[in-house]
Structures are given as C-alpha cells and as structure tokens.
1. In whole percent, how big is the carbon plus sulfur part of the accessible area of the chain, probe 1.4 Å, protein atoms only?
2. Heavy atoms of the protein only, probe of 1.4 Å, neighbouring chains included. What is the accessible area of Leu127 in Å², nearest 10?
3. Among the aspartates and glutamates, which have Cα under 14 Å from the Cα of Lys477 when same-chain residues fewer than 8 positions away are ignored?
4. Under the definition of Cα pairs under 8 Å and six or more residues apart, what whole-number percent is the relative contact order of the chain?
5. With just the Cα atoms defining each centre, how far is the stretch 342-403 from the stretch 204-279? Give it in Å.
6. Output ³J(HN,Hα) for the stretch 157-171: one whole-Hz value per residue in order, computed from phi by the Karplus curve 6.51 cos²θ - 1.76 cosθ + 1.60 with θ = phi - 60°, and x for Gly and Pro.
7. Taking only Cα atoms, what is the 0 to 90° angle, nearest 10, from helix 353-362's long axis to the longest principal axis of the chain?
8. Reachable lysines from Lys75, Cα under 26 Å, same-chain residues fewer than 8 places away excluded?
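The values are calculated or read from the model by the stated rules, or taken from the named source; none is laboratory data. Not measured: the values here are computed from a predicted model. Just the protein is used for accessible areas: all its heavy atoms, side chains included, with ligands, DNA and RNA removed. Shrake-Rupley method; radii C 1.70, N 1.55, O 1.52, S 1.80 Å.
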Amino acid sequence: MSQNIVSQTLGDEVGKIIAVHLSYPSRAEQRGRIPAEASYFMKASSSLNGPGEVVRPDNAELLVFEAEIALVIGKPARNVSEEEAWQYVSHVTAANDMGILDLRPADKGSNVRSKSGDGMTPIGPKLIPADKINPRELRVKATVDGTVMQDDSSGTLLFPFEHFIADLSRVMTLEPGDIILTGTPAGSSVLQPGQSVTVEVYSESDPSLTSGELTTTVVSGPALADVGSAPAADDKQRIDAWGSREAAGLEPEFELTDELRERISNLALATLSSQMRQKGYPNVSIDGVRPQVPGTKLVGRARTLRYVGHRPDLFKKYGGGYNAQKRAIDTVNPGEVLVMEARGYEHAGTLGDILALRAKVRGAAGIITDGAVRDWAAVEEVGLPVFAQAAHPSVLGRVHIPWDTDVTITCGRVAVQPGDVIVGDDDGAIVIPPHMVEELVADAEQQESEEEFIAQMVAAGESVDGLYPLNAQWREKYNEWLAEQNDN
C-alpha cells in the first residue's frame, strides 16, 4: 500500500475509507435518479495510492475514473452535529475513486472487488488545510490525456460535506486518518491502457490552495486468476462506466417517437396481433380487458404495478399510506401506460377517479388493469383512456394489496415488462417488445395496404380464391394498384 501522501500529516496509520454513492446533481441527472438520502460504501485502505500507475487486468474491460474531493478526519468524531462537523476535518485533497466495473455485478452493491483493488484509490499529492478553505468553494476537475472530462463545484452538492460527517458519526466513530470520498460529478468514464487521468482539487476563491495534480496512468497487467466470479461486462455496466449508451458505442435505446406513435395509432390492433403471431409471438393479448369508452385508441410505453392477495397483517404494513399503487400513479410519465396486474380478479376495484385524475394530470397515455374499476362513471368523465374487465365498487383492503412497481408482471395472462409498447383499441390490448416495434409496424402497414386492395377487389365482385391471400397474379395487380396510389 502506498501511504506516503497521507502519512505527511497522519503518520503511518490510515483508517477507514468511506465513499459516497451519489452526491452531485450532474451525476444524479446522468444516472436518472436523485437520492433522498446519502448512501455509502467502504473501500479497503490497501487500495490507497499516490500519483503513479494503476493496473487494468487483461481480462477486464471497464476500468473507470471518478474525480472526488477527499476529506481527511483529524480528530475523533462521534454523534457530532452538522454545525460542528467541519472542525473534525483536518485536510482536504484530490482523490480518484477508481474501479473495475466488470466485477460490480458479482459484488451485489458492496463494491468490495470492483472498487477495493490495489491502487484503486489514488490520493494527493498535497494536503490542503481544512481551516484555510470554504467547504462550499472547492473545485474538482479531471482531465484525460489533457481533455477536461469533469469539472464541478462543492457548492452544487446535494448534501454538504458536514452532512456526511454528522450522518456517519451517528453510527460509527470517525477517527484520525479516516478518509471520506465525497462523490463524483458527471463526466467520469472508462480508461484504456496507456491513458492518463489527472485530478485536481483547489479553492475557487484562492486557487493557490490546491492539491496539486494527481496523475494516474493505466497499464496492462496479468488477467485476474480464475477464482470466484470472473469479470463480466454487460450493457448496463458499460452504460454506467462510459456515462451513456452513445459513449459506450451501443445502439441507441428504442424511442417511441411521435411519428412512430402516430403510425401505430393508424393500425388496427388485429393487424398488429396477426403480425406478432407470424413472428412467433402468438400470446400477446391482454385477455379480458376492454376500453371503458368505445372507440378509444391507446399507445404508450409500459409502467407496471403488481397487486397480491389480501392478508390483514401484510395490508396493515403495505396497504396504507403512500403505497405502491399511489407511488405508481404519482410517478407515471407523459406518454406512459400504467399496466396493473390484479390477478385477473374482476370483483375488486383497482382504480378510482382521484387516481385516474392524477394519472391524467401527469400526462399518462392510459391505464390498463385486468381487474375492475370503481367510480366507473367518474373515471370516464376524467377522460383518461382506461381498459379494464369490469366495474366494481370495492376499495383496497378486501381482495388486493398494492405490492410493487416497475417489475415484470402478468396482466391478462401475458407478460409485461416496463418499457414494452402497449397498444389498445376496441379489440382489447396487446404487448409489443420494444425491439420488434419498427419492423412490426412496417409489416403491419404493408398488410393493411394489401388488405385495402383485396377489399376493393372483393367489393367489385372478385372471388377470394387466389386473392386472399395474394397469389403471384394478384400480387402483380396489387403492385400496379399501389404504384397508382403513390402517384396520386
């Protein structure tokens, strides 16, 4: 372990290294979630390093850097308040919370192997006295081979430094030599062998108060031994490591654009269902549901809510207050369809007018439940597209418990995952996996064009023999008809 940097002030003993998960708004926005409270993980003291080299094993892909402001604890802190917390910090400096994200899936949130490898916590090279700086005016910057990748201020933090100290000291004694890595802003990414990353922390009001440049160069090393979980990089880890799908070199995520939504709306559900069957998906219908208002057309991305059977002790714990049903309604986004798994039970309400109104105000495309709807007439007046089995006056507490959200469910005997495309009309509703949508829509448009031609021929007195479906002779005539249509 390299302790030469901190030993300047703290001697040879380095204590705990505690790292913060999400603390900068820029990073939280990039990750798509804003934490309500700070959360932490531990890094081994043996991961400490100064400026120099870090090894990326040859069987790993995702070595990441994360520029951070490190707080060095100067005296024991236990149950301290936020108001007095800063006096327990002796120094601040630059740190690089490096890690091999290929190992993260096996850690189940602990980051033990992915973040605690030897050399994975470069720190220094200079210590800035805490009493010389304003903790709200520190700048942290990272460059990779001279290009600025991260640049943010401690003044933007979701939680101030003092909060971390007060929070942690409630449950553990922070001791001299302990180090708190205070989170990283947006812009961290993946490093390749031969690249160098430089991190610097300095006072915005007095740039002479600086940590100096902490430079780390990546070198290749032997593959990790074939013991335990092997490095495994999947697309989720690649996106987290690189910062975006685009940066990771992945295909863009499917987007239900307004243009695609309009094309789907112009297609009959029966046509889409037929095309799904031809592509090997015969069971895509959400059976038993019908639109509350005939003539309703519904298109959107799925959000999910699952109910479980009623049990008094579980309902007492999970059924009241801001339960899963209310959370699902309260977080549905514009253009999304909330799909409810109500176990196909038509004798219990799963939606009422207040929640329907809230979903409409949120911009939801609609709601589907394989259960019942209470306040049927009032829900209809809300004007939100709703598909259900029936009307029923019951409320929660008799049959169902709202259980969880945004998980794979079974609604109307068909699997629904968050992000699936849901389409509904008077024939019912179907579920389309996102990866199939564009090809499916194109083929369905082709089918409906052919059927329009066939219908015209049948209306003109032609037999369906050879016409439906089109044989070679009739297809030639169809192509001529289509060319005329396009010319007009």
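1. 48
2. 30
3. Result set, ordered by chain and number: Glu450, Glu451, Glu452, Glu462.
4. Averaging sequence separation for qualifying contacts and normalising by length gives 14 percent for the chain.
5. Taking the Cα centre of each part, the stretch 342-403 and the stretch 204-279 sit 35 Å apart.
6. Residue by residue, the stretch 157-171 yields 3, 5, 10, x, 3, 4, 5, 4, 5, 5, 5, 5, 6, 5, 10 Hz.
7. The helix 353-362 is inclined about 70 degrees to the chain.
8. Lys16, Lys43, Lys126, Lys132
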